[in-house]
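Worksheet: the structure to be examined is printed underneath.
A short reminder: the numbers here are calculations on the coordinates, not readings from a lab. Computed from a predicted model, the values in this text were never measured in an experiment. Backbone-built Cβ (ideal geometry, glycine too); neighbour counts: all protein chains shown.
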Amino acid sequence: MALIFHKMVSIEDALKLVEESLGHIRPLGVEEISLIEALGRVLAEDVYAKVDSPPFDRSTVDGYAVDAKDVYGASESEPACLTISGKSEVGSIPTAEAGGGRCVETATGAPLARGANAVVMVEYTKRVDDKVYVYRSVAPGENVSQTGSDITAGDVVIRKGKIISPSNIAVLAALGYKSIKVYRKPKIAVFSTGNELIEPGQPLSQGKVYDVNGYTITAMLKEIGVDADFLGILPDDYHVIKQNIEQALQQYDVVVTSGSTSAGFGDAIYRVFAEHGAVIVHGLKLRPGKPTVIAVSQGKLLIGLPGFPLSAMMVFMNVARPLISKMCGIEDSERYVIIKAKMAYRMDAGKGVRELIPVQLVETEEGLVAYPIVLGSGSASAIAMADGFIEIPENKQYVEEYEVVDVKLLSPSFRPPPLNIIGSHCPGIEVILRVAGLTTSKIINVGSLGGWRALKRGEADICGTHLLDEDTGKYNVHMPKKMGLEGLVEIYRGYARRIGLLVKKNNPKNIRSVIDLVRKDVVFVNRLRGSGARALIDKLLREAGITKPEDTIKGYTYEAKTHTAVASAIAQERADVGIAIEYVADIYGLDFIPLGDEIFDFAVRKDRLKKATVQRFIEALSSEAFRSNILSLRGYTLLPETGQKVYG
């Protein structure tokens, strides 16, 4: 029989319950390792300076060590003349002394001679035999690094719980440490479960998906600093899962699985975990991430993550990572850098369950704007695209447009991208960015109309657009007036893309035109409202006399976000026909029925034309390198005005 979820708990309660069950989560032991092996390890004790750094007064320049009062008032017109009493070299103790009209020739890094308290740079001197003329005065301590000015003996230089970085290793070496004490790394076993999973690199057969979680979760664990081993994919078989987890518990401190955690008939993780220990958590008040299972077995931790990649990664970051970090001895309780941003648009969220929403951040003159990534819990790319995520509490019903939210950054090194391109999806944009050397730019696909709205709000530098004005038959130039952006934008001509109907190879349903979409044996896949392709298909349907397509066309309300999503639906036989560009038909091995060419342009805010990256994009659009590369995409053609301004 199917299990039901036990009492679902919040993230905070889940962490508390696990801590209580284990008595206290603490590091698993201490070991001493050599400094050369210390990178990424966690210090198990405070490190004190055994010596001063630098250990002696030393020169920071090549020049002459002097008593500053001997060169007081020295100038170009009245230089001070000193006698050179000797030399101080790196790695040796000087025997010569300075002061009383004497100086010591000194190399960078060499000890300061007795009687000296400053060094005159060689550039301000002239040597004649054993005399030196000094053309500039110096103050006491000038060009000298004094003993202990960097680190003083007895100081705490690195505190317990610190993850050792290359710069920490530099400090430890400077203080004479050859080895340090660190916490033992937890050993963690990772399994993926599911009959639908196959390893990357194998042919992808119908109904199967590549395993994402095994590789991703293992990498995220290694990023924390643990010894993580991915032990493979297990089928949805209770006995197989049980046997493998039993073996893993004998060798590892923690077992992490993904998949087989929900309350369905075939999900076995709960039963296996319950057999080996006490199930502490079965269900989180979290979306995505509800089907999560956590158990404790003889002091060891078992964590069952959901199977969908986005769900698995979100639960890992918010539940598994803090627990395992404590086992590593990482004491920093604040796991994320949090910044403020405004929501790009109103979004229903919360409604009784805490919701974690990945977002992309766009920099505007009024601050950062957060664009939600709405790809579903099965998305593997959402985290890769995201700059961070926001938490919507369960007591909220929605987030308002431009409401200020806290964004937890996935990386503390986040930097706004050099260029924000928001609008319609097109592979041609990648060609322009490669030519312009702007491959770190951010592309957000929200459809042509969504791009125009982002342009109006100041969130986009550039909008990719292919919207047809049915009255004039022209593309895009009518949009500034329609959007209230007259005089505020310029439009640069892009290229033409052949668009048409995609069908299976050899066209088994014998589909010839949009008229065939109303047939009872045909399933259609549409494009998003506001996209150029959607506007075109609706226009063609009206011209064909089909006035209520939502009632007469199967799949009319099935909306795909990108051209490739349309092709994928047909290749996987979830639909028979869809509208997309010819380029994706080639990729997916589909037949293509042309409907015509559309023009894809680029609208640019005038106040962004001063940005160097915007100028590079525009220049690349009219370059020979772009013209030759864009033609490699099937169905793309250049236009006489490509690269030229056609509006503004």
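Data overview
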item: Links that overshoot a 25 Å alpha carbon limit, given the list LYS50/LYS185; LYS181/LYS222; LYS326/LYS442; LYS285/LYS442; LYS442/LYS554; LYS351/LYS456; result: LYS50/LYS185; LYS326/LYS442; LYS285/LYS442; LYS442/LYS554; LYS351/LYS456
item: Long-range HN-HN contacts of GLU403 with modeled amide H, under 5 Å; result: MET343
item: Residue order, fewest to most surrounding Cβ atoms within 10 angstrom, among LYS7, LYS187; result: LYS7, LYS187
item: Estimated 222 nm signal from helices in the chain, with DSSP H stretches of n ≥ 4 weighted -39500 (n - 2.57), rounded to 500; result: -6500 deg cm²/dmol
item: Helix 213-224 axis, angle to the chain major axis (alpha carbon atoms, nearest 10°); result: 20
item: Packing-based exposure ordering (other Cβ within 10 Å, fewest first) of THR193, THR106, THR83, THR642; result: THR83, THR642, THR193, THR106
item: For region 58-145, size of Cβ-based charge dipole, Lys and Arg +1, Asp and Glu -1, in debye; result: 140
item: Packing rank of 424-431, 237-244, where each peptide gets the mean count of other beta carbons within 10 Å, highest leading; result: 424-431, 237-244
item: Dipole magnitude of region 422-647 about its Cα centre (Cβ charges: Lys, Arg +1; Asp, Glu -1), debye to nearest 20; result: 440
item: Residues TYR210, TYR270, sorted so that the one with the fewest Cβ neighbours within 10 Å comes first; result: TYR210, TYR270
item: At most 11 other Cβ within 10 Å, DSSP loop - chymotrypsin sites (Phe, Trp or Tyr not before Pro), region 1-106; result: TYR72
item: Surrounding net charge for TYR72, when Lys and Arg each add one and Asp and Glu each subtract one, Cβ distance under 14 Å; result: -2
item: Options ALA98, PRO417, LEU82, ranked by Cα towards positive dipole end of the chain, top entry (Cβ charges); result: PRO417
item: Charge sum, other residues only, whose C-beta stays under 14 Å from ARG136's C-beta, Lys/Arg counted +1 and Asp/Glu -1; result: -4
item: Acute angle (nearest 10 degrees) that the helix 238-251 long axis makes with the longest principal axis of the chain, alpha-carbon atoms; result: 0
item: Tilt relative to the chain, helix 612-621 - C-alpha long axis, 0 to 90 degrees, to 10; result: 50
item: Reported label for calculated Rg and Dmax of the Cα atoms in Å given (1) 26.6, 85; (2) 33.4, 107; (3) 28.9, 91; result: (2)
item: Greater than 30 Å apart at Cα, pairs in LYS290/LYS561; LYS162/LYS342; LYS396/LYS482; LYS504/LYS539; LYS482/LYS610; LYS505/LYS561; result: LYS162/LYS342; LYS396/LYS482
item: Net charge of Cβ neighbours under 12 Å - reference ALA118; Lys, Arg +1; Asp, Glu -1; result: -2
